[in-house]
Every structure is written in structure tokens, then in C-alpha cells.
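The values are calculated or read from the model by the stated rules, or taken from the named source; none is laboratory data. Here the structure is a predicted model, which is why all the values come from computation and not from measurement. Cβ atoms come from the backbone with ideal geometry, glycine included; neighbour counts cover every protein chain shown. Ligands, DNA and RNA are stripped out before the accessible areas are found, and what is left, the full protein with its side chains, is counted by its heavy atoms. Shrake-Rupley method; radii C 1.70, N 1.55, O 1.52, S 1.80 Å.
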Amino acid sequence: MLSSYLMKAARNGTKDGLEKTKIAMMRKVPFLSKKDCTDGIEEDSGYLDVTVSELKHPPPQLSPMPDGLSSQQVVRRHILGSIIQSERSYLDSLKRILLEYKKPLMEAEPRILSLKKIQTVFYRLKEILQCHSMFQIALASRVAEWDNTEKIGDLFVASFSKSMVLDVYSDYINNFTNAMGLIKKACMSKPAFLEFLKKKQAASTDRITLYGLMVKPIQRFPQFILLLQDMLETTPVGHQDRLPLQLALTELETLAEKLNEQKRLAEQLAEIQQLTRSVSDRNLSKQLNSDQKQLILSETLIETVFGEKGQVLKSKERKVFLLNDMLVCANINVKGPPDISSLVPIGPKYAVKWSAPLLQVQVVEVGQETPQRKDSIYQQSGKWTAAGLFLGPPRLYQELQELQHDLSVVEEVTLLVGTLQGSYQNLNTTVGQDWCMALQRLIRIKEDEIQCANKCRLRLMVPGKPDKSGHPVSFTVVFSTPSPISKISWVNRLHLAKIALRDENLPGWVCVEDDEKTKPPFWCPLLACQLPVFTPKMQDLKLQAALYNPVHCSLLGFSAASTSLPQGYLWVASGGDDSHGQVEIFSLNRPTPRSVKSFSLGSPVLCLEYITEPSTEEELETQTSEVLPKIGNTICVGLLDGNILVYGSVDTAAQCLLTFCNPEGCPVLCLKHSANFLFAGLSNGKVAVYNRKSGEGLWDPDSCRHVVIGCAPVLKLLQIDKCVWASCANQVSVIEGSSLRTQSFEVHPDPMVSVTHMVRAGGGVWMAFSEGSSLRLFHTETLEHLQEINISTPSAYLSPGQKSVCVTSLLICQGLLWVGTAQGIIVTLPVPRLEGIPKITGKGMTSLNAHNGPVEFLVATSSILSQDFLKRDSPTEGVDSSGGGEDKKVTNSSQESLQQADGSPQAEDKTKGVLLQYQLRSTSQLPGKLLTARLEESSGSTQDSLEHTLEDGSIYELSDDPEVWVRGPGQSSKEETRREKVTSAAVISGGKGFRRLAKSSNSHDSSENMLMVWQLPITV
């Protein structure tokens, strides 16, 4: 009876069906409590055993496609077909594990494995099969009516929001490493079991191993997420399935995140245990067994030792472990018959080679040890060595020496040319000097190539044992990483792990629910530094706003890019009395911000807005016959006196390009741009809208139009696709693009409460209010209210008499909702990162580093590392250049910016010879005849024909842009590699003073305006 009731509820696939399913299960079986796999054979007793008959409940089957469907409907049907097919394949794999492996092992006589071991290996697989069998019943019902409903998102929500799904998958993933270890031991100790696995694999048509089948549950939810992302992408706005799909994506992402974190913790524990077993040193073993030990990163790297001439003396694989306070290097010893490794991964055994305290390990980049300029990796003699190790590839080193030799020869030739008696247009000292310049350029390019070759080399200075006199001794170790991204990760994690050991990060965060059980995750944002905003004489100014100006800087090396804050500048605006405003500009191109410029204004600054340069499409629409100069990205500044200032954003020049005042003369409280419009929220309840000037990037003050929002001040503007949301009192108005039509909706029941902050993530907008500690979530498309939470923090951190906090700033950055409060306390809450709804489902964290006054602003800074850093373009992996095969375009020298140079012309493909680029000024309008290898009568060269072919004997070529130097043809499209994004991020808060909330800290009250900078790990 119960079984049929569950089947009916699953078929319904609705919220009602979900509730009935929960009630039915809760009444009969207490399955919501987690159980441990040590229960042995009885482990299944707490879960419902439901057998699904395919005769009564056939699998889902799509009907033939009807006529008249739109292209989006056709694509949605195809994606639904992929969901059906992948789920059917997944169920077949689960049944195959239970029927072809577990059942024969349970029935085998004599026993191959004990019953307890069998239950451990296949722990929770039966329950996973039951969950997905129920899902398939509901899926079949929904597929049957697809052409009428076209709705599937709510089915995923109803099926995978159950506690049982998280429980059984968590148990399975936590036990997976243990199960694989047991299988490996059984293969080595029980030949009958090894033979059993071999026969089962040989008998299968797809030859998938038991491991290949058992890893499928770990991969299932990421597959679901990809399918739902595709379905959401083809679902138009306004479709009844759009919000359910976004909610489903949120549920699956949250579930996958929890399972991934549990998998990571389980693997981390297994790695540390495996390492601990290999340690003979009792002291080190005791340290590794500590509960405080956390594994941050571990990877197999290749330790390489070079000879003096660059030859590789030896190389060997090492396993390197980065723990929260130490670095361990171990030898790898893989033992076991080769036929076992084809059936199940064999975990290696380690032998610790050395270990060192993390704070004593230093990353030493190529060139850091030379007293020359920082970006040079060669001494003037041309020979470069460090501590007896040559780090550059031998062939590149040889090519560099050849270039230096050629340079000395050309210099001598130039001196000889100066003694010529005749006058020749292209044979004179000017040309010779240009040849020298070109060779010097090639030498710098060769240095760059050697730098590229070291993108995959991690060089560490590690403390060794003291010498006989007791002095400390360090040794250098060089590891080759699998890719440039791997090296970036190592340098970044080493840097952040050291920051995590500072007092202000021990601890840096505590759980909002002070249950003393939940520890903050290691990836919590780390306080990198705190610094004053103004000089002591200007502390009476009040912080008003801040803005991140992303500008790539030059002279930023590989390691600096891996450890520094996101590249660019931070603008911090403030105000004093009604006639004074101040802007401070900080450079972020280093681990600690540095003030580089400040300027005063005639009125307090109330808001800032960063505006990108108009896109190419926008330029085409306004294209004129006259070529207009580009103004680039700009920064708009809104003042108390009603003025709007427009500044150029290039570096720190801060040139004011335009000043205009809104016709109302009201204070400009907020600014936001959308496409070709600038929106200014005013204190009189109106929004002023400006167009761009025709053919220019600047705004036209005469184009101002007003949109009346209400009577109260417009406190916040937020861009949502082609619309702008404007908050006024307890309402928000949605302003549509160029038509400026508005739609208003109420976001708070109290008309005396105003919306003070709005931030968007995915398909939702979080709002904060002028009173109370609540946050509300609204859907960006239906404007539906989806969630409300209250911000709380441990009462011990509040001042006497305070019962709640008040929100003063809001920010979403890399999966965290940051909340700044009037008490100076900062709280973070986890939110989904994908296109779903940013619902709060996890526990909040409170920072133990706080301001003394309100958190005036929270700013996210984020930049993507240059693609040059990610290309593994070491010439040692390519063809030999002696045959002219080295044809990669080089656009940067070691002294130039991270950004690639624009518009580097490509040379014609030559079969041999080195191409030198010289500047056009060299031979133009010079007297004398051209020197050529051709006969004089056949030479068509003139004063105006300065470009020569290979037969002319020329070793240089012309470029359309004489200031750009090139070498060889450009990179072909076939050689372009898949581009990956490496993002560095940091969050900066501003407020009065700095204090520690920890009980043991000695915080001092301060009224100084301070910045606190939190650094986040680099993400790929």
C-alpha cells in the first residue's frame, strides 16, 4: 500500500506530490537521520526499499515531434531527450553494479569477500537507485504531457530538494575512497576477487571497469547542471518554466557544492593519512595527526636538476603537499601488479624527502637573484646561472649567445661602414645603428622566451639543516609543473597560506550560529592588510563611495601577477562640509594598496560610476566621415551640488573631460549607465537620463530627460539587462531602456522604510533597507518575492543595549553575499554562482576583523590574468628554430605591459633568415643609390620603393607602423590553444577605525578612516 502511494506521489511531480511523499516516508520510516557505514549488513534497515516495475512504470518516452514548433521549442525537446537518455543510462549503470557485481558476490560459494566488506564497497548504491527510480517515474509522467505543459524545472526541485538525496549521496561520497581502498587491497590479497573483476569487465560490451561504474554517482549532478543550463538558455523570458528552471539550477548547484566539499574533505583526510603512514619522524607524524592540519594543495610535480650548461642532470616525480603551516615533499612509490591498476586506481605510497615550515619557504623567480634591473634575467656577460642551476632551456641559451655575438659583429660592421668613401642609401651608419637596435630587440625577445619556458618552473628556497657552525643553510629546489596555471596556483596558494598564518586571520571568521561545531572553511576571505585612507590632517572627512577602475599595469611579472591584488586602481570618494570633496586613488598592482594621487572638489562626492567605452556596434551606428578620437573608459562622479563630472580612467591621470549640472540642481545620490544612457538618481525623487553625443563617447547635457519615480529621494540604481531599477522609499521602479516606461512594485510593507541597497546575482536581486536587519530577494523577471532573511551576529560582538544590526552596505562577489553593518561588523552568506536564483541556503560567517563605525562601502575588485601568462609557449616544446620553424608572434618584451600590443603587422612567410624590423626614418630621403644584389639594369628600385625581397640580400623588412617591431609570421589559427580564464579577486571595505572582535585581542578605538582588504584565492 505504501509503495503504491509513493508511486502515485512521484508521478504527480508537484509540490503536493512532494509533500505527500515526505509525509508518507516520515510516518513509516525514519530515514532522515544519517547512518554510518560501520553498521555493517544492517545499514539498509533505516531506508525504504521500493521496487519499481518497468511493466507498471515504463521509462520516459518522447512522443513524435508535432508540427509548427518554434526553433526554441525544438531545441528544448532535444535537450529533454538528452535528459531522458542520460538518466536511463545512469539507472542502467546503477542496476549493473548491483546485479552484476554485488549480487554475485553476495551469493558466491565459497565467499570471495565477506558480507561486511561487500556492504562497505557498495554502501548506499541501493538507496541512490531508489531515488532515481522515483525520479524516473515522475519524469515519465511529465514527458508524456510535455507538448501541453513544457515544464520540467519544478520536477527537479521536488525530486532533489529532499533531505534523503543529500544524505545518501553524502554517505556514498564519504565512503568512496574507503571503498576503492578496500577493492585495491582485495585485488592484491584475494586472487579470486581479482579474477572476478577481470571476467566481469571482459564480458561487458563497453569494457567499463567497476571503478568506471562507481564513479558515475559522483559525476551525476554536474551533468544535470549542464543540461539544465542548456535548457534555461533556450527558455525565453516570460515562459512558465523559466523560474522553476532557475530554482532547479540553484538546488542542484547547492547540492553539488555540498557534495564536492564533502568529497574534498574526504580526499584531504585520506591524503594526510597516507602521508602520515609514510613518516618515520615521530615529531612530524605528530604534527600531521593534529586536528588543526589542513591540506590546501597537493600535486605531482617533477623535480629537475640542471647542469651548468643547461643540460638536465636528473628528474624525478615528487608529490608536494601544501598544508596550512608547512610544505612537504615526498618520493612516490607505486606498488602493485599492473593488471590491478587497470581495474582500480592504485594509491601511491610516499616516503618523505623533506619538510619545512611554510613561513621559511620562499618562491624565487628567475632574475630575482641578480642585482640588475628586475625584469632582466641575464647578466651583462651573457651568461646567467643561479646557485649552480641553469633554469633556461639549453637551446634558447645558445640562441641568446648567438644573438649577442651577432650584435657585436654588427657593431663592428657599423663602424667599418662609417669609413666608406661613397654614399649609399641603404648602406650607412644610420642603417647599421637600426640593425643594432633590432638585434637588441631580439635579445629582449629571447629573454622573454626563456621567461615563457619558466612559466612551468616553480623554484623554491627551502631551509635545510644548519651547517657545522650552526648557521642556517638553504637549498634551492626546482619543480616543473604540468601547466602555467598549475604554477600560478602554487604561487598564489603559498602566498595566501602565509597570510592565513597572521594573527588577524587566526581565526578570521566565526560561524553566525555559535554552535562551536561548525568551523569556518579554509577558503574564507583572508584579511591581507588594513591601511588609512587619508593623511592624519584630513580625518574629518566622511567616506561616501568607492569604485574599482580595472587598468592593466606594466612591469608586472609572473609571480607578482599571481600574488598581487587585482590589477587596477581604487577610487575612494569622501566629503567634508558642503563645499569640499576629496578623491583618493590607490594603486592595487601590488600585495598592498598604495596611494598614488588625490584631488579636491568643490562639493562632497556622493557616488561614483565606472563606464566602459562604447562597443563597436554602438560606434557603427553613429559613424561619421570624420575619424573621432576615442575617449576610452570613463568615471562619472556625482556631487552634492548637483554637478556630474566625467574623468578619463587611464591610469592616474584623472583628467576631467566634462562637467555638467542636472537641470533640477538637486544632489546626485546615485549613477548608473545602461547602453548609451546615463541615469542619475536625484534627491527630489526623479531620475535624470542623458544620451551620448552623436559620434562621441561623452554625454550630452542638453539631452536630459526626467523620469518621476516618487516623492522620496532615489537612493539606489541597478542595471538589469536593458532596464534600470530605481529605489524610492519602499518601492522599486523598473525603467525600460530608451522608452523610459516604468513599472513599480512594493518591496517592503512599511512606507516609512526605504530601499538603501540592491545587488544582483543570477536571476535575483537582494535588497537592504533603512531600518531593521532583514534582506529580501526578488526575481529579476517576475518581480516575485522569493526569500527573506535576517542578518544576525553573535551578541558578544554587539555593544551593550544593541539587539540587532542595521545593514549599511551590500555586495556579491564569487559566491558570497557580503553584508556591512552600522556596527562595523561584516557578515558573509553563501549564494549560488550560476544563472539560478541566489537563495541563501548555507550558514553565515562573521568576520572577526571589523570597523569601529559603520561599514560605508564594500567594493569588489576582479581582474583576469593576461593570456600571455597562460600560454605554454616554451620553444623547447616546439620545433627547432634553425630551420625557420619558430613562427610564434611575439608582442611583448620583458619591459612591457601585461596587455598584448595591438595591431602587430605580420611578416611574409620566408623560408630562411632572421627578419629584423627597422624604423622607416632610417633610409627615407637619404642620398645615394640603393645597394642591391640585382643587376643595375634589371633593378626597378627607386627612392619610393624601399621594401626589398629576399633576393635583394636584405635582412630587414618594413612594417606599416614603423614604431612596431615584428619577427617572423604570426601564429596560425590552428595553433591557437583553448583559452582559460584565471581570475584574481579581492574585496575592500571602508569605515572608521579597525578592531578585532576576538576576546583575546587588544583593540583600540580609532576615528581614522580605514580600508580593509580581503584577498580571495585565484580561480580558474
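Summary of computed values
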| quantity | calculated |
| --- | --- |
| When each of 185/216; 353/446; 151/981; 319/465; 258/286; 116/319 is checked by Cα-Cα distance, pairs over 24 Å | 353/446; 151/981; 258/286; 116/319 |
| Gain in span if fully extended, residue 469 to residue 753, counting 0.36 nm per residue against the direct Cα distance | 94.9 nm |
| Shape parameters for segment 688-779, alpha-carbon atoms, Rg then Dmax in Å | 14.6, 48 |
| 13 Å beta-carbon shell around residue 598, net charge (K/R +1, D/E -1) | +2 |
| Label point at residue 578 placed 7 Å out along Cα→Cβ; residues across segment 668-693 whose backbone nitrogen lies under 17 Å | 668-669, 683-684 |
| Accessible-area ranking of 142, 760, 277, largest first, probe 1.4 Å | 277, 760, 142 |
| Residue-span extension gain [residue 211 to residue 656] - 0.36 nm each, minus C-alpha spacing | 153.8 nm |
| Length added when fully stretched, residue 218-residue 269, from 0.36 nm per residue minus Cα-Cα | 16.6 nm |
| Taking the convex hull of Cα positions in segment 62-107, its mean projected area over all directions (nm²) | 3.6 nm² |
| Under the Debye formula (equal points on every Cα, no solvent term), log10 I(q)/I(0) of segment 256-308 at q = 0.30 Å⁻¹ | -1.18 |
| Among 127-135, 220-228, 704-712, the order from most to least packed when residues are scored by Cβ within 10 Å on average | 127-135, 220-228, 704-712 |
| Solvent-accessible surface ranking, highest first, for 121, 215 at 1.4 angstrom | 215, 121 |
| For residue 481, net neighbour charge (Lys/Arg +1, Asp/Glu -1) across residues whose Cβ lies under 9 Å away | +2 |
| Residue 298 - accessible surface, heavy atoms, 1.4 Å probe, Å² rounded to 10 | 40 Å² |
| Percentage relative contact order, segment 50-185, counting C-alpha pairs under 8 Å, at least six apart | 36 percent |
| For segment 184-314, average projected area of the Cα convex hull in nm² | 16.8 nm² |
| Segments 89-101, 1008-1020, 170-182 sorted - mean Cβ within 10 Å per residue, highest first | 1008-1020, 170-182, 89-101 |
| Karplus (6.51, -1.76, 1.60) ³J(HN,Hα), θ = phi - 60°, over segment 351-356, in Hz, Gly and Pro reported as x | 10, 4, 8, 7, 9, 8 |
